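This report refers to the structure that appears directly beneath it.
The values are calculated or read from the model by the stated rules, or taken from the named source; none is laboratory data. None of the values given here were measured: they were computed from a predicted structure. In this analysis, Cβ positions are derived from the backbone assuming ideal geometry, glycine residues included, and neighbour counts consider all displayed protein chains.
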Amino acid sequence: MYTRNAFFLGRPVAGTEDKFIAGLEVGTAAYAKLPGVRSARLEFPLEIDAGGPEIFATIRMVFDSSEDIAQALASPQRQAVRATFAENVMPMFEGKVVHVNSRGIDFE
């Protein structure tokens, strides 16, 4: 399993939290439809260790391979979603977004 995580480090602009979260929901649903994406999930931390980063939310996309990640990132659909996100959602956020691509090993 391969994942791409977008960590939203910071906070929504005061008074925009509900609208910002709605934008994250719409964006995550759109990311779920990109080529090669098996699933997309929006997560909100319940607890962060003392001294840990101020993570407001994480968008997590799951893929079968690193090539699928590259295909999704290069797709015209992703460019369109990203542009809409940058214009309509990110102005409501004070902070930065850090992306991390990972290869996972599952254990049971």
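Taking the stretch 34-76 as the range and being in contact (Cβ under 8 Å) with a residue 40 or more places away in the chain and of a type in the set (S, T, N, Q) as the test, the residues that pass are 58, 65, 66, 75. Picking from residues in the stretch 81-108 that are charged (D, E, K, R) and within 14 Å of the chain's Cα centre (by Cα), the one that is surrounded by the most Cβ atoms within 10 Å (Cβ to Cβ) is 82. When the stretch 26-55 is limited to residues that are surrounded by 14 or more Cβ atoms within 10 Å (Cβ to Cβ) and touching a Leu at 6+ places or on another chain (Cβ under 7 Å), the one that is nearest to residue 84 (Cα to Cα) turns out to be 28. Which residues, taken from the stretch 72-89, are farther than 15 Å from residue 37 by Cα and among the aliphatic types (A, V, I, L, M)? Passing the criteria: 80, 83, 86, 89. Being in contact (Cβ under 8 Å) with a residue 60 or more places away in the chain and not hydroxyl-bearing (Ser, Thr, Tyr) is a condition met by at least one residue of the stretch 79-88. Is it true that some residue in the stretch 64-80 is within 12 Å of the chain's Cα centre (by Cα), surrounded by 16 or more Cβ atoms within 10 Å (Cβ to Cβ) and of a type outside the set (Lys, Arg)? No, the stretch 64-80 contains no residue that is within 12 Å of the chain's Cα centre (by Cα), surrounded by 16 or more Cβ atoms within 10 Å (Cβ to Cβ) and of a type outside the set (Lys, Arg).
Kindly establish whether residue 67 is within 24 Å of residue 1 (Cβ to Cβ) and modelled with pLDDT of 95 or more. In short, yes. Every condition in (1) crowded, with 18+ Cβ neighbours inside 10 Å; (2) without any contact (Cβ under 8 Å) to a residue 24 or more places away in the chain; (3) farther than 14 Å from residue 3 by Cα holds for residue 18 except the one numbered (1).
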